[in-house]
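The values are calculated or read from the model by the stated rules, or taken from the named source; none is laboratory data. Small disclaimer: the values here were computed from a predicted structure and weren't measured. A quick note on method: Cβ atoms are made from the backbone with ideal geometry, for glycine too, and the neighbour counts reach across all protein chains shown. The protein model used for the area step is the full one, side chains on, heavy atoms only, and it has no ligands, DNA or RNA in it. Shrake-Rupley method; radii C 1.70, N 1.55, O 1.52, S 1.80 Å.
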Amino acid sequence: MDGRDVVAMWEGLASRDAASRDAAMESLQQEMMRRVESIGPVPETPCSSSASDLNHVLARILMLSKRCPYGDVREKCIWLLRSIQVRENQTNR
């Protein structure tokens, strides 16, 4: 995903149009799952740039799950964070 796509995705989450928010959230979900799969199990000392990038995005999603004015975005961010957590727990077993 190039820089313009990423910016458009984040901006789409702030749209007043529910369909635009849904499309942006779907893109975010796909991108996050792709990133999580590409990293694999988290090492004990996560120092890679991809792990750092993932942490920044996860922090942003956590913030949106708490502070976004749109309930649908908050709910989907919570769902996404839980999905990633479950996936990591299954991977680490």
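With respect to the numbered conditions (1) open to solvent by less than 80 Å² (accessible area, probe 1.4 Å); (2) among the β-branched types (Val, Ile, Thr); (3) modelled with pLDDT under 90, which one is the sole condition not fulfilled by Thr45?
For Thr45, the failing item is (1).
Looking only at the range 62-77, count every residue that is part of a helix (DSSP H, G or I) and surrounded by 13 or more Cβ atoms within 10 Å (Cβ to Cβ) and tell me the total.
The number of residues fulfilling the criteria is 9.
Of everything in the range 61-73, what is of a type outside the set (A, V, I, L, M, F, W, C) and under 16 Å from Ser20 (Cβ atoms)? Give them in sequence order.
Result: Pro69, Tyr70, Gly71, Asp72.
Of the residues in the range 2-17, how many are under 17 Å from Ser65 (Cα atoms), open to solvent by 50 Å² or more (accessible area, probe 1.4 Å) and either of a type in the set (S, T, N, Q) or assigned to a helix (DSSP H, G or I) (or both)?
1
Can Asp72 be described as among the acidic types (Asp, Glu) and either at pLDDT below 90 or at positive phi (or both)?
no
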